[in-house]
Amino acid sequence: MKHKILVIGSGAREHAIVRALDQSTQEKTIYCFASNMNPGIADLCDELTVGSINDPDFVVNYAQEVAATLAIIGPENPLENGVADALWKTGVKTVGPKKDLAQLETSKAFTRNLLREYDIPGDPQYQTFDSLEGVADFLEELEENYVVKYDGLMGGKGVKVSGDHLHSHDEALAYCQELVDGGGEFVIEKKLVGEEFSLMSFCDGDTLKHMPAVQDHKRAYEGDTGPNTGGMGTYSDANHSLPFLQESDITAAHAINISTAKALKDKFGEGYKGILYGGFIATSNEVKLIEYNARFGDPEAMNVLPLLESDFIEICLAVADGTLENVDVQFQRKATVCKYAVPDGYPDSPVKGKPIDISRVSNPDGLFYASVDIQNGQLVEAGSRTVAVVGMASSITEAEAAAEKEISAVKGPLFHRKDIGTNEVIQKRVDHMNSLQ
Ligand code: GLY
């Protein structure tokens with residue numbers, strides 16, 4: 001049987017998804033419903049169509065036009081808008097949770113309350129609010145260690161942390177007031193101290209198959225300084241753990257993902273079918289959950305999908321069909337380092353429309369296009385994270401050297417973080433973790 005697979009989204013994460021699909025030996029036709037013209041995806045797909053990926057009607061129309069049998073939703077906004085619900089309704093098997101289940105990412109309060117209700121470890125001390133009532137008292141209780149999170153999608157900009165973005169209770173109250181004025185609910189929680197890691201699992205509603213752990217770097221500049229971004233780069237280790245983690249940390253993260261999937265099924269009477277992406281933090285004594293995402297991480301997808309030894313189409317079908325238990329999901333025992341090149345001025349005032357040259361990149365299979373466009377036959381940067389490269393080797397050190405060489409070969413008004421994956425930064429993480437124990 002020839003699979004007709006529709007990928008929704010067109011960043012580097014979706015490029016990694018399409019590449020993993022392309023590597024499957026199964027007979028397939030791949031389509032992409034995209035928000036921008038991604039030449040890397042276009043090369044691998046039978047057709048790339050730019051359209052309104054967040055609008056369920058547009059997505060369903062396109063899925064019907066190409067007679068898609070399987071859809072994979074890349075970003076979170078289509079999930080929030082019920083694209084998975086609409087696709088399932090028209091008979092398209094879909095990897096990506098329905099709207100209710102995607103609340104795991106779209107509502108911070110939903111997730112905190114779910115863990116509390118089902119007695120799942122991972123919540124810090126927290127309270128939810130829809131007005132300023134009680135906020136000052138709770139801040140008093142948390143003293144100088146608090147995080148204020150807008151209860152919805154805000155492209156990573158809704159989270160403000162004491163010490164980083166908020167420097168006094170007055171500033172915190174002013175931010176809360178801003179959220180109340182905008183009609184928004186919010187969560188205040190105790191700030192967690194430790195080392196963060198991403199642990200993603202394929203989930204068919206009942207069974208989970210876990211991916212290697214990855215560490216992301218959110219800050220724009222070297223030394224973890226500067227504004228927050230979507231993620232400047234990531235690394236994973238050959239043993240599928242991370243140098244600063246114990247085996248028990250990975251086990252704890254797996255257990256939280258498993259319990260969360262079970263809780264969702266109990267709550268909604270139907271299972272979560274997609275990628276369950278836990279953003280965890282290893283603290284001095286236990287693993288806590290920072291947040292959930294309902295999709296592959298970006299850049300994390302570029303670390304793990306190239307390592308996948310098993311057939312990605314088989315996994316996606318099993319996620320949708322609820323038969324993941326019968327599928328062996330294996331990843332190569334190699335380390336990876338992913339680095340993004342971003343426009344000068346990113347993220348606050350990025351250069352746009354300027355040509356970039358990728359002709360000196362030596363391994364095109366390790367190059368992933370993101371926010372790019374083609375203007376007058378020329379590849380240009382479109383204003384957000386532009387291209388990513390992945391180095392893969394038997395150690396993080398070698399993978400970092402490979403990634404650094406490749407990303408430096410991308411020319412244009414761009415910058416990247418040279419420090420991601422270096423021995424120095426990794427040692428800093430290990431020392432930080434040791435200092436907490
Ligand atoms: N790596 C962060 C994210 O995908 O949201």
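Each value in this text was obtained by applying a stated rule to the coordinates, not by laboratory testing. This one's a predicted model, so the numbers in the text were calculated from it and none came from an experiment. FYI the Cβ positions are ideal-geometry reconstructions off the backbone, even for glycines, and counts take in every protein chain you see.
Non-local lysine pairs in the stretch 318-437, meaning eight or more places apart or on different chains, with alpha-carbon distances under 23 Å, amount to 17.
Listing F368, F129 from fewest to most neighbouring C-beta atoms within 10 Å gives F129, F368. Basic side chains Lys and Arg get +1 at the Cβ, acidic Asp and Glu get -1 at the Cβ, and with that the dipole of the chain about its Cα centre reaches some 1040 debye.
The GNM of the chain, with springs linking C-alpha atoms under 10 angstrom apart, assigns the highest mean-square fluctuation among A34, A68, A409 to A409. Taking 7 Å steps out from each Cα toward its Cβ at E27 and A401 produces label points 4.6 nm apart. Count the lysine pairs in the stretch 58-166 whose Cα atoms lie under 18 Å apart, taking only pairs 8 or more positions apart in sequence or on different chains. Taking the Cα cut-off of 18 Å, the pair count is 9. Note: relative contact order over the stretch 288-391, using C-alpha pairs below 8 Å and six or more positions apart, is 27 percent. Principal semi-axes of the equivalent ellipsoid, √(5λ) from the alpha carbon gyration tensor of the stretch 308-349, are 35, 16, 7 Å from largest down.
Once the C-beta distance of V50 and Q127 is scaled by a Förster radius of 45 Å, the resulting FRET efficiency is 0.60 to the nearest 0.05. Secondary-structure-derived ellipticity at 222 nm for the chain, considering helices only, amounts to -9000 deg cm²/dmol, per-run term -39500 (n - 2.57) for DSSP H runs with n ≥ 4. The value obtained for the stretch 99-206, namely the Cα convex hull volume divided by the number of residues, is 128 Å³ per residue.
Please compute, over every Cα-Cα pair in the stretch 1-88, the percentage with a separation greater than 19 angstrom.
So the pairs more than 19 Å apart make up 29 percent of the total in the stretch 1-88.
The C-alpha atoms of the chain occupy a region whose extents along the principal axes are 59, 48, 43 Å, arranged from largest to smallest.
Pairs of Cα atoms nearer than 8 Å and 6+ residues apart set the relative contact order; for the stretch 1-67 it is 32 percent. Applying the criteria of a DSSP loop state and at most 11 other Cβ atoms within 10 Å to the GluC sites (Glu not before Pro) of the stretch 1-95 yields E27.
Estimated at 0.36 nm per residue, the fully extended path between K428 and N239 surpasses their Cα-Cα distance by 66.1 nm. At q = 0.13, 0.20 Å⁻¹ the log10 of I(q)/I(0) for the stretch 134-285 amounts to -0.76, -1.30, computed by Debye summation with a single uniform scatterer per C-alpha, solvent ignored. Taking G82, G377, G226 in turn, the Gaussian network model of the chain (Cα-Cα springs below 10 Å) assigns the largest fluctuation to G377.
What is the distance in Å between the Cα centroid of the stretch 284-309 and that of the stretch 163-224? Computed from Cα coordinates, the inter-centre distance equals 14 Å.
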